[in-house]
Amino acid sequence: MKYQIKKSNELTEQEIEHILQLWDISAWNTMKSVYFRTFFKDSEFHFLLNTHSEIMAIFRLNFDFKLEISGTQYAFAEAVGLVATQKKKGYGAMLVQKFKENVIQRNLETIGFCHADLRPFYEKCTIEILYDKAKAIKEHAGSEWINSEDDDILIFNVSQKIKEQLNTLSAQNNAYLITKE
């Protein structure tokens, strides 16, 4: 297995098509490669490839991610979109390990999110989990702030100080997702 990282402008047409198939998000299924490259310009794509250079698992690293906590903005790299081509083969877990090693080596403040049903997978991958903390993250939806759909925050690489800050999140101490207008 080979680990590879590409920016959106380095992806081939076939890779983009394959990524969109794996993600299977109906709003994105008809996305053209030119738009894909622009839409994900602030992202890196992390792949686990087999000996024939076929994608076995993918993880996206989103560099356009900010949270405001207690009036302070924190920029993170957000780990999102993990998918393996085949379930229960270990491809996802293998990619998570290589991904974690990479963000630690590059010292990138990196978090991710998951629903409670994915906890056992990330626990098996020895990813630190801040249980039930993602629910305290508010996202802008129209004219109101709504709670995140995720349950947990995944810690791939953050400083102790920021981890402590994330651990203080609660219904009384929310974080707010800052998006570009």
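The values are calculated or read from the model by the stated rules, or taken from the named source; none is laboratory data. Just so it is clear, the structure is predicted and the values come from calculations on it, not from any experiment. Neighbour counts run over all protein chains shown; Cβ positions are idealised from the backbone, glycine included. The protein model used for the area step is the full one, side chains on, heavy atoms only, and it has no ligands, DNA or RNA in it. Shrake-Rupley method; radii C 1.70, N 1.55, O 1.52, S 1.80 Å.
Taking Rh as the Kirkwood radius computed over C-alpha pairs, what is the Stokes-Einstein D of the chain at 10 °C in a medium of viscosity 1.306 mPa s, expressed in µm² per second?
Value of D from the Cα-based Kirkwood radius: 93 µm²/s.
Describe numerically, in nm with one decimal, the distance between label points set 7 Å from Cα along Cα→Cβ at residue 132 and at residue 104.
For the pair residue 132/residue 104, the computed spacing is 2.9 nm.
Could you state the orientation-averaged shadow area of the convex hull built on the Cα atoms of segment 99-181, in nm² to one decimal?
For the Cα atoms of segment 99-181, the hull's average projected area reads 6.3 nm².
Measure nothing fancy, just the Cα-based angle from helix 13-23's long axis to the longest principal axis of the chain, in degrees from 0 to 90, nearest 10.
50 degrees
Ranked highest first by average number of other Cβ atoms within 10 Å, how do 119-128, 57-66 line up?
57-66, 119-128
Can you say what percent of the DSSP beta bridges in segment 100-181, counting only those with both residues inside, are antiparallel? Round to 5.
85 percent
Roll a 1.4 angstrom probe over the protein heavy atoms and tell me the percent of accessible area of the chain that is carbon or sulfur.
Whole-percent figure for carbon plus sulfur exposure: 48.
Per residue, how large is the accessible surface of segment 99-181? Use a 1.4 angstrom probe and give square angstrom.
Per-residue value: 57 Å².
Which entries in 2/32; 89/180; 32/98; 6/66; 89/161; 32/133 show an alpha-carbon gap greater than 31 Å?
89/180; 89/161; 32/133
Would you mind classifying segment 85-135 by shape? Square roots of the alpha carbon gyration tensor eigenvalues, ordered a ≥ b ≥ c; an a/c under 1.5 is rounded, otherwise it is prolate if a/b is larger than b/c and oblate if not.
Note, shape of segment 85-135 comes out oblate.
Under a Cβ-only charge scheme (Lys and Arg +1, Asp and Glu -1), can you give me the dipole magnitude of segment 9-69 about the Cα centre, in debye to the nearest 20?
120 debye
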